[in-house]
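Before any comments, here is the structure.
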Amino acid sequence: MNRRFVSGLTVIIALGAATACGQGQGQHSPLTAARRPVASPSPPAPPGTKQRAVLSGPLPAGPARATAWTLPAGPADSASVLRLARALGISGTPRRRGSGWEVSGPGTLQVTGEPGLRWSFFFVKGAPTGAPPDEPAALATAARLARASGTRTGPFTATLHGPQVTLVADDSLDGLPTAGWQTQLTVAGGAIIAGAGWLARPRRDSDYPAMSARDTFEALLTAVGRRPLPGRARCPQVEQEACPPGRRPVISVTGARFGLSLAYWRNQPVLAPSWLFSTAQGAVLPQVAVPAADLPPSPP
């Protein structure tokens, strides 16, 4: 089967704990003008579907055309790898490993040669510990890493996990927000002890027609039923329990921003023009906004 643009929601997205629950049966009014808040349910879901989406806020206008960006393959240049290693506190010398790089001491940085130049940083043992979690200090550490490594991140969000602080930022590109193209860091003991991100500089590709937020939302309705129910999605009427028989959790879509999302075209990662739908649960649901008919054909 030929692969075209598919949503970057292969990345795990936690929708939060406060989903509502709707009746599994019944008729609803169809989607109306995108500029008005409407209650627009998903179409009947396939057997086994456990969630649906409704539109509860206005959708904005967007561009008629937009640019897709490709993520080049490696190997990365040694100077970029060294700059990232020093920003992570690694004093070793970059060494080639297969099509990528590895730098050690203390901790280990690996940079793949695959498209996007995905990097990961970890400690096998000897990671810093002991200091209590400090969210402002962790955010400052993440900002220093972004500046030192040249990563164009959006604002980091922080989550405390015991003595550690997890920070996540969706990288920005050409003034547009992104989804799925992330930098992730874990800070403990005042230092970064784990991380992952993308070292490649995206390259401008072709321009494509862009669907409206309304049309893209309708595509999202079809796709959301195929996505697994997040483990923390619950009905407010039965806290900490699954929805009762005949009812399904509801994802409430409150708005959207036009941007880019990590998708795959010809089995290669790209940043595709997308609408990024916000939800009442705090998550972002990206949906590629390029009509399938306007994509170049996949090779046989």
Considering every residue within the range 187-207, establish whether at least one is without any contact (Cβ under 8 Å) to a residue 40 or more places away in the chain and closer than 26 Å to residue 256 by Cα. no
State which residue is modelled with the lowest pLDDT when the search covers only the range 93-146 and only residues that are in contact with a strand residue (DSSP E or B) (Cβ under 8 Å, 6 or more places away or on another chain), of a type in the set (Gly, Ala, Ser) and crowded, with 16+ Cβ neighbours inside 10 Å. 127
Any chance residue 153 is in contact with a helix residue (DSSP H, G or I) (Cβ under 6 Å, 6 or more places away or on another chain), open to solvent by less than 60 Å² (accessible area, probe 1.4 Å) and either within 27 Å of residue 267 (Cβ to Cβ) or of a type in the set (Val, Ile, Thr) (or both): yes
Only residues that are open to solvent by 10 Å² or more (accessible area, probe 1.4 Å) and hydrophobic (A, V, I, L, M, F, W, C): list them for the range 263-275, please. 265
Scanning the range 197-209 residue by residue, those in contact with a strand residue (DSSP E or B) (Cβ under 7 Å, 6 or more places away or on another chain) and open to solvent by less than 20 Å² (accessible area, probe 1.4 Å) turn out to be 197, 208
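Before we move on, is residue 236 open to solvent by less than 50 Å² (accessible area, probe 1.4 Å), at pLDDT below 70 and in contact with a strand residue (DSSP E or B) (Cβ under 9 Å, 6 or more places away or on another chain)? Show your work before the answer.
Values: open to solvent by less than 50 Å² (accessible area, probe 1.4 Å): no; at pLDDT below 70: yes; in contact with a strand residue (DSSP E or B) (Cβ under 9 Å, 6 or more places away or on another chain): yes.
It is false that residue 236 is open to solvent by less than 50 Å² (accessible area, probe 1.4 Å), at pLDDT below 70 and in contact with a strand residue (DSSP E or B) (Cβ under 9 Å, 6 or more places away or on another chain).
The values are calculated or read from the model by the stated rules, or taken from the named source; none is laboratory data. These numbers were taken from a predicted model, which means no experiment stands behind them. Every residue, glycine among them, receives a Cβ derived from its backbone with ideal geometry; neighbour counts consider all protein chains shown. The protein model used for the area step is the full one, side chains on, heavy atoms only, and it has no ligands, DNA or RNA in it. Shrake-Rupley method; radii C 1.70, N 1.55, O 1.52, S 1.80 Å.
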